[in-house]
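Colleague: The structure's right below; bear with me while I get my questions together.
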Amino acid sequence: MKTQRVELRRLFTMIVLGIIAILYLCAGVVAQDMGAHHYPSVSAAMDADTETIQDWAKQQLAKSPRHHEWVKIKNGNREVNSFVVYPEVSKKATAVIVIHEIFGMSDWVQQLTDELADAGYIAIAPDLLSGMGPNGGGTAEIAATGNNAVGQAIRALPPDQIAGDLNAVAEYIAKLPAANGKVAVGGFCWGGSTTFFFATRRPSLKAAFVFYGSAPSSNPQGQPYTVDKAALEKIGAPVYGFYAENDMRIDATVPPTTDAMKELKKPYDPVTYAGAGHGFMRAGEPNNPQPAAPVVKGDEAADKKAADDYQKALTAYKANRKARDDAWTRLKAILAKI
């Protein structure tokens, strides 16, 4: 009887450990799928660390000699918490609004905003989730509430509220004493699509930089993509597209957008970067480590697969790095002519 009880305890322990291992594996698979597609995951533990918080970005910001400040910009009854960085220049500067990814206000977004200021521009990144948290906070507060919370909150933002927030930010930044009144906008992923949308709501923009985002559509949800020509008709700024070769979800929208913008006689200049994947501006950051070569284990089939996977990862890494560098050079060259 005693032996049976021992065996039952051992069996029960093995079952519990097995269930824990399966749950852990499933969580990892879900996390990888969300991260790979650059859609929001934002669980309090995993996503806040991998997508919202980047220690290297914090460290670079801490070393920056430029003036940083957080300001609350009024949009009716709303206050939009915004990160502003000033360039060290002797003349009044053009302003650039940075629209964050679907991950919300991340350390990476703040670091990129600082990079724009380093290039000579007043840069401002609004947290479009400001006031949307359970206690009136923004991205950080929402990220701590649970899995996919930030993504769900961003998808639920009313278009008119987004446009109102961005217009308030544009009005604020254009009237700063250090600004020359010119305002451009650039966004990434969800922010890229939002940039295109905002260009339809603010014709006075000097330029719109769309990073792997799509033009406004007029099709019902679940139906084939159709460009909203009525919206595009309202655009007054040239639109510059930055796209990845390995991103057909977005790339498939570029030809109809090109045709529509040409028909409407609106300036649109899309560029696709060879070998790059969606989100290459983040994935191609110099701070991201190069993939490590696999250790040979003596299993011919396993070693070949590991070597093939490594080469694939290395090729993607190099393509994203080059795409980021080339896109950054292009962005600064266009801004310099505004």
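The values are calculated or read from the model by the stated rules, or taken from the named source; none is laboratory data. None of these values were measured; they are calculated from a predicted model. Reconstructed Cβ throughout: ideal geometry from the backbone, glycine too, with neighbour counts over all protein chains shown. SASA here: full protein model, heavy atoms, side chains in, ligands and nucleic acids out. Shrake-Rupley method; radii C 1.70, N 1.55, O 1.52, S 1.80 Å.
Colleague: When segment 178-210 is examined, which residues are found to be of a type in the set (Ser, Thr, Tyr) and open to solvent by 40 Å² or more (accessible area, probe 1.4 Å)? First the steps, then the outcome.
Modeller: Going residue by residue through segment 178-210, those that are of a type in the set (Ser, Thr, Tyr) are 193-195, 200, 204.
Residue satisfying the conditions is Ser204 alone.
Colleague: Taking the conditions exactly as written (without any contact (Cβ under 8 Å) to a residue 60 or more places away in the chain and over 23 Å from the mean Cα position of the chain (by Cα)), does Pro294 satisfy them or not? Talk me through it step by step, then tell me what you get.
Modeller: Numbers: without any contact (Cβ under 8 Å) to a residue 60 or more places away in the chain: yes; over 23 Å from the mean Cα position of the chain (by Cα): yes.
The answer is yes for Pro294.
Colleague: Can you name the residue in segment 72-87 that is open to solvent by less than 20 Å² (accessible area, probe 1.4 Å) and in contact (Cβ under 8 Å) with a residue 40 or more places away in the chain and, of all such residues, is farthest from the chain's Cα centre (by Cα)?
Modeller: Ile73
Colleague: Quick one: would you say Lys312 is farther than 29 Å from Gln54 by Cα and of a type outside the set (Asp, Glu)?
Modeller: Values: farther than 29 Å from Gln54 by Cα: no; of a type outside the set (Asp, Glu): yes.
Answer is no for this residue.
Colleague: Separate question: Looking only at segment 121-153, count how many residues are touching a residue at least 40 places away in the same chain (Cβ under 8 Å) and either touching a strand residue (DSSP E or B) at 6+ places or on another chain (Cβ under 6 Å) or on the phi > 0 side of the Ramachandran plot (or both).
Modeller: Going through segment 121-153 one residue at a time, the tally reaches 11.
Colleague: Only one of these is polar (S, T, N, Q), open to solvent by less than 40 Å² (accessible area, probe 1.4 Å) and in a loop (DSSP other than H, G, I, E, B): Ser90, Ser130. Name it. Spell out how you get there, then give the answer.
Modeller: On the way: Ser90 fails: open to solvent by less than 40 Å² (accessible area, probe 1.4 Å).
Among Ser90, Ser130, only Ser130 is polar (S, T, N, Q), open to solvent by less than 40 Å² (accessible area, probe 1.4 Å) and in a loop (DSSP other than H, G, I, E, B).
Colleague: Select, from Ala260, Ala199, Ala244, the only residue that is in contact with a helix residue (DSSP H, G or I) (Cβ under 6 Å, 6 or more places away or on another chain), more than 18 Å from Ala327 (Cβ to Cβ), aliphatic (A, V, I, L, M) and modelled with pLDDT of 95 or more.
Modeller: On the way: Ala199 fails: in contact with a helix residue (DSSP H, G or I) (Cβ under 6 Å, 6 or more places away or on another chain); Ala244 fails: more than 18 Å from Ala327 (Cβ to Cβ).
After applying the criteria, what remains is Ala260.
Results for (1) of a type in the set (D, E, K, R); (2) more than 30 Å from Arg330 (Cα to Cα); (3) not in a loop (DSSP other than H, G, I, E, B), shown as yes or no for each residue.
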{"residue": "Lys74", "(1), (2), (3)": "yes, yes, yes"}
{"residue": "Asn81", "(1), (2), (3)": "no, no, yes"}
{"residue": "Trp108", "(1), (2), (3)": "no, no, yes"}
{"residue": "Gly136", "(1), (2), (3)": "no, yes, no"}
{"residue": "Gly164", "(1), (2), (3)": "no, no, yes"}
{"residue": "Ala168", "(1), (2), (3)": "no, no, yes"}
{"residue": "Gly191", "(1), (2), (3)": "no, no, yes"}
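Colleague: Could you give me the residue pairs with C-beta distances under 8 Å whose first residue belongs to segment 219-240 and is under 15 Å from Phe198 (Cβ atoms), whose second residue is open to solvent by less than 80 Å² (accessible area, probe 1.4 Å) and acidic (Asp, Glu) wherever it lies, and which are 6+ apart or on separate chains?
Modeller: Correct list of pairs: Pro238/Asp269; Val239/Asp269; Tyr240/Asp269.
Colleague: Being open to solvent by 60 Å² or more (accessible area, probe 1.4 Å) and of a type outside the set (Phe, Trp, Tyr) is the filter here, so list the residues in segment 211-227 that pass it.
Modeller: Filtering segment 211-227 for residues open to solvent by 60 Å² or more (accessible area, probe 1.4 Å) gives 218, 220-226.
Those that are open to solvent by 60 Å² or more (accessible area, probe 1.4 Å) and of a type outside the set (Phe, Trp, Tyr): Ser218, Pro220, Gln221, Gly222, Gln223, Pro224, Thr226.
Colleague: Within segment 39-66, count every residue that is hydroxyl-bearing (Ser, Thr, Tyr), assigned to a loop (DSSP other than H, G, I, E, B) and at pLDDT below 85. Write out each step before concluding.
Modeller: Applying the first criterion (hydroxyl-bearing (Ser, Thr, Tyr)) to segment 39-66 yields 39, 41, 43, 50, 52, 64.
If we keep only those that are assigned to a loop (DSSP other than H, G, I, E, B) as well, we get 39, 41, 43, 64.
Imposing the further condition that a residue be at pLDDT below 85 reduces the set to 39, 41, 43.
Residues meeting the conditions: 3.
Colleague: Would you confirm whether any residue within segment 218-233 is under 21 Å from the mean Cα position of the chain (by Cα) and at pLDDT 95 or above? Before you say what the answer is, go through the steps one by one.
Modeller: If we filter segment 218-233 for residues that are under 21 Å from the mean Cα position of the chain (by Cα), which is where we start, we get none.
No.
Colleague: Tell me, which helices (runs of 4 or more DSSP H) lie completely within segment 231-338 with 3 or more residues that are open to solvent by 50 Å² or more (accessible area, probe 1.4 Å) and farther than 27 Å from Trp56 by Cβ? Give the steps one after another, and end with the answer.
Modeller: Working: elements: 248-251, 254-263, 280-283, 300-336.
Correct list: 254-263, 300-336.
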